[in-house]
Each structure stands twice: as structure tokens, then as C-alpha cells.
Amino acid sequence: MKKSTGSIKRIIVLALIVALFSGLSTFAQSARQNLNIVFIGNSITQGVQLNDPATEAPPPVACAYLRRQSNIGTVEFSNQGHSGYTTVDFLPASGKTFRKVEEAASAFTNKQALLIFSIKLGTNDSAIQGPNGSPVSPDDYKKNLKIIADSLLKEFPASVIIFQHPVWYSPNTYNGAKYLEEGLQRLQSYIPQIDQLVADYKKSNPNRVFIGDKKAFKYFKKHYLTDLIPEQGHQGTFYLHPNKQGAVALGNLWGEAINKVVKQK
């Protein structure tokens, strides 16, 4: 029995609709941006004092946030946070630490994904004494960041760099290293140096270097009792490292900032 002309037309229309939605779905999948992220930082990035840094530190939290976003596809990452490290430790001339960053960036299997270097340094640079090179002056801090960024941009020409603003610590912080109020003031002096460095790159190397999170400093200053770990030091109980709740907050702030950059690409 022959099908009516109307039935045939309905079948054709349905087939076209299915094909259209299939095409849109395929386009949506292909439009998602895959990411490879190397997180460069100190003990805060590393996730020291957390029970399971591999899942609880800010980098994996940031990546979990990114994977939940509709514009993001796969997200792979390497946590190159090292306790006690300064910008001096990450300089290419320092040797092994920068090589670890290079090796981490080269090890990602999806070479088509956008390579991002998320950098959060400054806590140990700001110390009065203790960490390598401290205290690092604001000018030298900016110079060191530029040396690191220039080297990464040259070696990985398709990559982008995101500088996250540093995180507040209590003005009585004094453990193996001495920070105190002087260190906290120095840490805050680094923020305009980061902003100026990114502004310089916008002219010399546009769309490659960005400012990431700007909220964490004020957030932890306000929420230190709930989001930072109380630690015993030479001047009483101090607050420096995020607890699990704080790591979630910081990771989400980083993830939000990274995604903002991705949407500009």
C-alpha cells in the first residue's frame, strides 16, 4: 500500500529536524574548549595540610569547576605548587623547578587543547626572611614574573598565562619563615606590579597574558576564621593556608577567572 504524499512529507520534515539537531549537537561539542593547565605556585597551590591534595587542593577544585561549564570540554592539569617557593625558585636559570614546569606542559597528550599557565606566587617572596631570595622587592618581583612569562611564551607560543592575585595571610604569620605585618604590606605591593605587567603585555604581546582572580585576597581577609587553618607560630596563632573549605573557595575563584579568559579566546 502506497504512503500518502502528506505522510512522505512528514517523514522528510522529521528527518530534517533530526539531522538539524544532530548537527547542532555535534557543533556544540566541537565548540567546547579543551584545556591543559599548569598551575605554578607555592604551598597554597600545592595544598599542604589538606588530607588529599590530589583532589582537595585549589588546582583540582578549579578544574572540577571548569568541567561543569557548558563552554568547556576536557580539562587536564598539572599541579606545580611547591611549598616555600618564590619567584626566584621558578626562574629558568634556577634549574630543576622551571624544567619541571616545561616537562609538565609538554606531557599533555591533547596537543590541540589550549595550554594555560596559571601563576600564583608572592607569599614567600614577601617574607622578611626565610624563603629563597626573600624579601623580594616589588620591582624584582615584577622582573622575575616577566622572565618566567617570557620564557614560557617563547617555548610554548600557543599558550596563555594567567596571573592570579596573591592571597591574604594574617599579619602575625611567623613559622619557619618570618612574614609579619611587613611581609603582608610587601605582598600587597605586588598586586599593582602584576596589573602593570599584564598591561605591558597587552601592548607587546596582546591576548597572551591576563589577570586572573582578584577576589581571593579580600575573601580570606574576611573569612580567615572559617577558611584558613589556625597554625601555631612564634607570635601566636596565625592564618596562612586554606583548609578544605578555603581550598574550595579559592579553587572556584581560580576556575571562574580562568573561564573568563577562555571566553575571550
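The values are calculated or read from the model by the stated rules, or taken from the named source; none is laboratory data. What you see is a predicted model, and the numbers here were worked out from it, not measured in a lab. Reconstructed Cβ throughout: ideal geometry from the backbone, glycine too, with neighbour counts over all protein chains shown. When the accessible area is computed, the model is the full protein with side chains, heavy atoms only, and any ligands, DNA or RNA have been set aside. Shrake-Rupley method; radii C 1.70, N 1.55, O 1.52, S 1.80 Å.
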Do we find a residue being buried (at least 19 other Cβ atoms within 10 Å of the Cβ) and closer than 27 Å to H234 by Cα anywhere in the stretch 192-214? no
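Here are some residues: G95, G73. Which one is open to solvent by less than 40 Å² (accessible area, probe 1.4 Å), on the phi > 0 side of the Ramachandran plot, out of contact with any Pro (no Cβ under 6 Å at 6 or more places or on another chain) and of a type outside the set (S, T, Y)?
Residue meeting the stated conditions: G95.
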Residues in the stretch 242-263: is at least one modelled with pLDDT of 95 or more and closer than 21 Å to I128 by Cα? no
Against the condition part of a strand (DSSP E or B), out of contact with any Leu (no Cβ under 6 Å at 6 or more places or on another chain), under 19 Å from I229 (Cβ atoms) and at pLDDT 95 or above, how does N124 come out, does it pass? no
Do the conditions hold for V88, that is, is it assigned to a helix (DSSP H, G or I), more than 21 Å from P242 (Cβ to Cβ) and out of contact with any strand residue (DSSP E or B) (no Cβ under 6 Å at 6 or more places or on another chain)? yes
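Among what's in the stretch 215-230 and is touching a helix residue (DSSP H, G or I) at 6+ places or on another chain (Cβ under 7 Å) and of a type in the set (S, T, Y), pick the residue that is surrounded by the fewest Cβ atoms within 10 Å (Cβ to Cβ). Full working, then the answer.
Applying the first criterion (touching a helix residue (DSSP H, G or I) at 6+ places or on another chain (Cβ under 7 Å)) to the stretch 215-230 yields 215-216, 219-220, 226-228.
Next, only the ones that are of a type in the set (S, T, Y) stay: 219, 226.
Values: Y219: 17, T226: 11.
It comes out as T226.
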Select, from F220, F238, the only residue that is in contact with a Gly (Cβ under 8 Å, 6 or more places away or on another chain) and modelled with pLDDT of 95 or more. F220
